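A.B. asks: Mind having a look at this structure? Questions to follow.
The values are calculated or read from the model by the stated rules, or taken from the named source; none is laboratory data. All values reported here derive from a predicted model rather than from experimental measurement. Cβ placement follows ideal geometry from the backbone for every residue including glycine, while neighbour counts extend to all protein chains displayed. Accessible surface areas use protein heavy atoms only, side chains included; no ligands, DNA or RNA. Shrake-Rupley method; radii C 1.70, N 1.55, O 1.52, S 1.80 Å.
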Amino acid sequence: MSIFDDPFDAGSSVNAGCICGQHRSPAEHERAVPALRCEPVVESHEKRYENVVASAVLRAVFPEAATRRAFLKSVGAATALAAVSQFFPLKTATEAFAESGAPEKKDLKVGFIPITCATPIIMAAPLGFYAKAGLNVEVVKTAGWAVIRDKTINKEYDASHMLAPMPIAISLGLGAQPIPFTVPAIENINGQGIVLAMKHKDKRDPKDWKGMKFAIPFDYSMHNYLLRYYLAEHGIDPDTDVQLRSVPPPEMVANLRADNIDGFLAPDNICQRAIYDGAGFLHILSKEIWDGHPCCSFAASREFITAAPNSFAALTRAIVDATAYASKAENRKQIAEAIAPANYINAPVTVLEQVLTGTYADGLGGVKTDPKRVDFDPFPWQSFAVWMLTQMKRWGQIKGDVDYKAVAEQIYLATDTRKVMTEMGLSPPKDSYKSFSVMGKPFDPTKPDDYVASFKIKKAS
């Protein structure tokens, strides 16, 4: 789903094809060679920019994809290119676009935590999405969320994989000086779960969890907010009835096995690894709390965007492109193989396949199937940010009044991402806000204070 695909391919809707550049579809790629053996073809920058300009012209002349394809089939690619060139100065426009759009900085570092939530950021390296965008990106495996935050703030990383609430916390200066950060893309939706130690097989009712110890990845995380929400809905006060501890995801299974914790809410690959190792079982998937919830994000500072706007734009395109590829079920096994190595997630391929394909062992002897166990959708809904802010307010992380709408719109770049997705031939939502339900309770993003006030269990103001 790349902006750089050949606009004069009659069999293409401008955004179809295999990322290797040699086949019309992933299926054709699979028939030709085993997965991952086909090296992506990196076009020249000149050809890449020419395709962007030509694609834009063709879309303007033939807005409907079916009409565009019919025209190309009837006259052929060469004739179509010549016809477009007759009335539009493609060469001049391409040169101008290349001059204005060339990345200021091509060699970039992007940090990530080794979890399946970071799938688009990680896979974009071995599967060639960064190279296709004209970038040389080093994806850097990082130990924990505090480290990834500090390295990004200190400019050791140009951009990062971050928990979706982290850029909000950094921008608001929660626990430190405020630094403006942004979320141009959501990495994944759903894709988490609550795992309990095997000794708790008979404690499936959360009302029986008083006194238990749970791990979460970070205070400013959807994991923290979803676990607190789930506990509170079952009458458990997460601040007084249980203990919540921040533990880096790669260390959670070892802590569960060592009996340091009773359970955790964590990314699905951590959940599945606990099951694979016999250390725990899956209590519920996070989508059973809120189906369609965001988890992680692709984040960058305002300073980076201002200093290198073209590099940022190219990086965003690569991430959105990779996310769109990851959203297709037929690509998931290939992706699992690509992100499994030690320099990426460092997990057995079978563990990652169970997460990404949605057919998995539950740790209690059953095998379940849920193709939407994890999904990938890059659009940064601003209503997601408003919901996170309500939970920060609910649990005392934010004091005083909150301008929910202003904060959400400054950090979650829905308008910019909508433009990028449209240019790439994708179909982004027309709105930036939507309503949804969490455990059956409706959330209206236009009434956040009423939502916070409606909860019986919350931190006293």
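A.B. asks: Suppose the filter is β-branched (Val, Ile, Thr) and modelled with pLDDT under 95; does residue 417 pass it? Talk me through it step by step, then tell me what you get.
C.D. replies: Numbers: β-branched (Val, Ile, Thr): yes; modelled with pLDDT under 95: no.
In short, no.
A.B. asks: Being over 16 Å from the mean Cα position of the chain (by Cα) and of a type in the set (D, E, K, R) is the filter; apply it to segment 363-386 and report the residue that is most open to solvent (accessible area, probe 1.4 Å).
C.D. replies: 368
A.B. asks: If you go through segment 274-294 one residue at a time, do you hit one that is under 19 Å from residue 185 (Cα atoms) and open to solvent by 10 Å² or more (accessible area, probe 1.4 Å)? Give the steps one after another, and end with the answer.
C.D. replies: First, the residues of segment 274-294 that are under 19 Å from residue 185 (Cα atoms): 291-294.
Narrowing the set further to residues that are open to solvent by 10 Å² or more (accessible area, probe 1.4 Å) leaves 291-292.
Yes: segment 274-294 contains one or more residues that are under 19 Å from residue 185 (Cα atoms) and open to solvent by 10 Å² or more (accessible area, probe 1.4 Å).
A.B. asks: Could you say which residue among 228, 204, 245 is assigned to a helix (DSSP H, G or I) and open to solvent by 10 Å² or more (accessible area, probe 1.4 Å)? Write out each step before concluding.
C.D. replies: Details: 204 fails: assigned to a helix (DSSP H, G or I); 245 fails: assigned to a helix (DSSP H, G or I).
Selected residue: 228, the only one of 228, 204, 245 that is assigned to a helix (DSSP H, G or I) and open to solvent by 10 Å² or more (accessible area, probe 1.4 Å).
A.B. asks: In segment 183-201, how many are surrounded by fewer than 23 Cβ atoms within 10 Å (Cβ to Cβ) and in a strand (DSSP E or B)?
C.D. replies: Here the count works out to 1.
A.B. asks: Still on this model: Which residue pairs have Cβ atoms closer than 9 Å, lie 6 or more positions apart in sequence or on different chains, and pair a first residue in segment 204-222 that is within 24 Å of residue 175 (Cα to Cα) with a second residue that is of a type in the set (Ser, Thr, Tyr) and in a strand (DSSP E or B)?
C.D. replies: Here the result reads 215/246; 216/246; 217/246; 218/246; 219/246; 221/246, each pair linking segment 204-222 to a residue that is of a type in the set (Ser, Thr, Tyr) and in a strand (DSSP E or B).
A.B. asks: When the residues of segment 126-155 are filtered to those that are free of Cβ contacts under 8 Å to residues at least 60 places away in the same chain and among the aliphatic types (A, V, I, L, M), which remaining residue is nearest to residue 182 (Cα to Cα)?
C.D. replies: Going through the qualifying residues, I end up with 148.
A.B. asks: What do you reckon, is residue 220 outside any loop (DSSP other than H, G, I, E, B) and open to solvent by 10 Å² or more (accessible area, probe 1.4 Å)? It would help to see each step written out before you state the result.
C.D. replies: Numbers: outside any loop (DSSP other than H, G, I, E, B): no; open to solvent by 10 Å² or more (accessible area, probe 1.4 Å): yes.
Considered against the rule, which asks whether it is outside any loop (DSSP other than H, G, I, E, B) and open to solvent by 10 Å² or more (accessible area, probe 1.4 Å), residue 220 comes out as no.
A.B. asks: Only one residue in 439, 388 is over 20 Å from residue 328 (Cβ atoms) and in contact with an Asp or Glu (Cβ under 7 Å, 6 or more places away or on another chain), so which one is that? Quick ask: steps written out before the conclusion?
C.D. replies: Values: 388 fails: in contact with an Asp or Glu (Cβ under 7 Å, 6 or more places away or on another chain).
Sole residue among the options that is over 20 Å from residue 328 (Cβ atoms) and in contact with an Asp or Glu (Cβ under 7 Å, 6 or more places away or on another chain): 439.
A.B. asks: I would also like to ask the following. For segment 394-414, give me each residue that is open to solvent by 90 Å² or more (accessible area, probe 1.4 Å) and over 20 Å from residue 459 (Cβ atoms).
C.D. replies: Our first condition is that a residue be open to solvent by 90 Å² or more (accessible area, probe 1.4 Å); within segment 394-414, this holds for 399, 401, 403, 405, 410.
403, 405, 410, listed by residue number.
A.B. asks: Hey, does segment 348-355 have a residue that's modelled with pLDDT of 95 or more, surrounded by fewer than 24 Cβ atoms within 10 Å (Cβ to Cβ) and assigned to a loop (DSSP other than H, G, I, E, B)?
C.D. replies: Yes; the residues of segment 348-355 include at least one that is modelled with pLDDT of 95 or more, surrounded by fewer than 24 Cβ atoms within 10 Å (Cβ to Cβ) and assigned to a loop (DSSP other than H, G, I, E, B).
A.B. asks: Answer yes or no: is there a residue in segment 277-293 that is hydroxyl-bearing (Ser, Thr, Tyr) and more than 24 Å from residue 146 (Cα to Cα). Break it down stepwise before answering.
C.D. replies: Taking segment 277-293 and keeping what is hydroxyl-bearing (Ser, Thr, Tyr), we get 286.
Those still in the list that are more than 24 Å from residue 146 (Cα to Cα) too: none.
No.
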